[in-house]
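This report concerns only the one structure given below.
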Amino acid sequence: MWAFLQKLSSPKYFYQISGYLIPWFGGFCLVFMLAGLYFGLFVAPPDYQQKETVRIMYVHVPAAWMSLFIYMVMAISAGIGLVWRMKLAEVIAASSAPIGASFTFLALVTGALWGQPMWGTWWVWDARLTSELILLFLYLGIIALNSAIEDKRTAARASAVLALVGIVNIPIIHYSVEWWSTLHQPNSDWLTEKPSIHSSMLIPLLLMAVAFKLYYATVVLKLARCEVLERERNTHWVEELVSRHQSQQ
Amino acid sequence: MASELSAFYILLKRDLILAYRHRSELANPLLFFIIVISLFPLGISPESKNLQGIAPGVIWVAALLAAMLSLDSLFRSDFEDGSLEQISLSAHSLPLLVLAKVFAHWLITGLPLILLAPLLSVLLFLPDNAILTLVATLALGTPILSLVGAIGVALTVGLRRGGVLLSLLVLPLYIPVLIFAAGAVNEAARGFEVAGHLYFLGALLSLSLTLSPFATAAALRISLS
């Protein structure tokens with residue numbers, strides 16, 4: 001197991017293995033995505049209160065889950081990169097940030113699209129919305145810091161510190177925002193209470209959640225491959241790869 | 001242990017003397033604080049009722065911005081003349097030395113804000129019973145701003161144009177402080193109990209006091225490498 005991990009952490013093997021994995025992840029992502037969309041858009045019944053707009057939830061909820069999940073993955077791999085100086089962990093952390101920011105943005109946009117017909121407004125200063133917005137700011141800060149520093153390895157270590165500071169702060173921010181919003185609008189409790197969910201709605205939700213995870217896996221591997229090539233461009237194996245590629249053409 | 005403490009004291013004294021030699025720069029964040037606050041009556045309305053409602057938020061947001069603007073001076077000049085590298089090479093623990101620098105920075109920039117705040121709250125018609133709470137929240141909150149901000153400065157000190165980036169990194173982390181501090185002053189203005197908010201601020205202060213020097217030291221080592 002350890003030997004396998006060590007082998008995997010070498011950029012060259014990672015490049016090969018991820019090359020095999022990407023089509024599988026991408027293919028399964030497509031299958032789950034199509035099934036989830038089919039069940040969500042055609043099979044699941046419209047909600048008796050929210051009517052057809054409830055279908056936005058099949059994108060919105062998994063996107064919101066992903067926004068937190070990717071932050072966790074990013075912070076953990078950033079921490080691994082910081083402590084053990086593992087290049088691959090740094091690469092994964094750097095590649096995760098833009099995807100996480102996109103999912104957070106998607107969750108905010110779909111939330112606004114859902115809120116307009118349901119609440120009659122694009123935006124409310126509800127606890128969840130606010131902490132999601134702050135999460136987006138944290139992501140953007142990490143991306144900005146990462147691109148501001150020229151040297152890739154220094155950039156990775158600096159943004160790793162920021163990601164770790166962020167992970168200590170996320171629960172604090174979340175609960176302070178929650179407390180703040182319950183102080184201001186105590187009537188929004190019905191939003192945070194989970195209604196019991198029928199299986200016809202749960203199935204597309206879970207299918208979409210799996211599809212989004214696979215989508216993340218596919219895209220993060222693709223981005224990481226590009227990053228690895230860029231970082232290792234002066235090494236022997238990349239030169240070999242490029243010359244082989246050129247001779248094929 | 002004694003030598004660690006004397007190193008802490010020497011660095012603190014050095015930073016305070018350096019700040020005293022550049023007295024005119026010290027006033028700038030304070031002036032910024034005053035000017036920003038005096039813009040709000042001009043921009044919103046001079047009516048006491050309106051101003052009273054927004055006073056806690058305005059004072060705290062202005063304090064946040066003033067603290068952020070003053071942060072750049074925390075490590076910048078030391079980084080440029082190389083003394084920061086010497087500090088990081090010293091045999092004493094870097095987190096402790098960082099703490100000395102942050103403490104000096106807070107004495108220079110945070111403490112004057114606290115002394116000035118009662119005056120400004122009168123300008124915004126904050127009720128008298130809330131002024132004491134405002135001072136208490138500033139006393140608990142501004143050290144957190146310096147401590148958390150130090151991490152951001154340490155990360156961006158090596159960059160040529162770190163100023164805007166610093167605000168992007170640091171402001172989201174300031175949000176809990178803003179919520180509890182402005183919330184406490186709001187509650188006090190309405191005559192409610194504020195102990196809960198102040199306890200939270202105290203908890204945040206002790207958390208950042210214990211963790212932030214280590215994060216700042218790690219960030220400094222990355223910036224200096």
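See the values below:
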quantity: Stokes-Einstein D (µm²/s) once Rh is taken as the Kirkwood radius of segment B:1-40 over alpha-carbon pairs, at 20 °C in 1.002 mPa s; calculated: 175 µm²/s
quantity: Area projected by the alpha carbon convex hull of segment B:1-104, averaged over all directions, nm²; calculated: 8.3 nm²
quantity: Alpha carbon convex hull of chain A, projected area averaged over orientations, nm²; calculated: 16.4 nm²
quantity: Overall dimensions of the protein assembly as shown by Cα: Rg and Dmax, Å; calculated: 25.4, 81
quantity: Extreme residue, positive dipole direction of chain A, given options A:120, A:97, A:23 (C-beta unit charges); calculated: A:23
quantity: Sequence of B:16, B:94 once ranked by neighbouring C-beta atoms within 10 Å, starting from the fewest; calculated: B:16, B:94
quantity: Potential lengthening between residue A:51 and residue A:7 on full extension [0.36 nm per residue; Cα-Cα distance subtracted]; calculated: 10.6 nm
quantity: Axial C-alpha extent at least 20 Å, average Kyte-Doolittle at least 1.0 - helices from chain B (DSSP); calculated: B:23-43, B:48-71, B:128-156, B:163-189, B:195-224
quantity: Within 10 Å of each Cβ in A:132-143, the average number of Cβ atoms from other chains; calculated: 3
quantity: Sum of -39500 (n - 2.57) over DSSP H runs of 4+, divided by residues of chain A (222 nm, nearest 500); calculated: -28000 deg cm²/dmol
quantity: Chain B - mean residue ellipticity at 222 nm from DSSP helices (-39,500 (n - 2.57) per run, n ≥ 4, rounded to 500); calculated: -28500 deg cm²/dmol
quantity: Within chain A, longest stretch clear of exposed GluC sites (Glu not before Pro) (DSSP loop, no more than 13 other Cβ within 10 Å); calculated: A:1-149
quantity: Alpha-carbon centroid distance for the pair segment B:157-196 / segment A:134-182, whole angstrom; calculated: 15 Å
quantity: 14 Å beta-carbon shell around residue A:25, net charge (K/R +1, D/E -1); calculated: +3
quantity: Of B:63, B:53, B:136, farthest towards positive along the dipole that unit charges on Lys, Arg, Asp, Glu beta carbons give segment B:2-224; calculated: B:63
quantity: Estimated vicinal HN-Hα couplings, Hz - segment B:79-87 in sequence order (Karplus 6.51, -1.76, 1.60; Gly, Pro = x); calculated: 5, 6, 8, x, 6, 5, 5, 4, 4
quantity: Dipole moment magnitude, nearest 20 debye, segment B:2-224 about Cα centre, only Lys, Arg, Asp, Glu C-beta charged; calculated: 220 debye
quantity: Interchain or long-range residues, amide H under 5 Å from residue A:232's placed H; calculated: none
quantity: Exposure proxy order (Cβ contacts within 10 Å, fewest to most) of B:70, B:3; calculated: B:3, B:70
quantity: Surrounding net charge for residue A:97, when Lys and Arg each add one and Asp and Glu each subtract one, Cβ distance under 12 Å; calculated: -2
quantity: Distance in nm between pseudo-label sites at residue A:38 and residue B:30 (7 Å out along the Cβ direction from Cα); calculated: 7.2 nm
quantity: Relative intensity, log₁₀ I(q)/I(0), of segment B:2-224 from a Debye sum that treats every alpha carbon as a point, q = 0.13 Å⁻¹; calculated: -0.75
quantity: For segment B:2-224, with +1 on Lys and Arg beta carbons and -1 on Asp and Glu, the positive-most of B:125, B:220, B:98 along the dipole; calculated: B:220
quantity: Mean Kyte hydropathy of 1.0 or more with a Cα span along the axis of at least 27 Å, helices from DSSP in chain A; calculated: A:57-84, A:127-148, A:199-231
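Coordinate-derived values only; no laboratory data. Everything numeric here is computed off the predicted structure, so don't read it as measured data. Here Cβ is always computed from backbone atoms with ideal geometry, including for glycine, and neighbour counts include all displayed protein chains.
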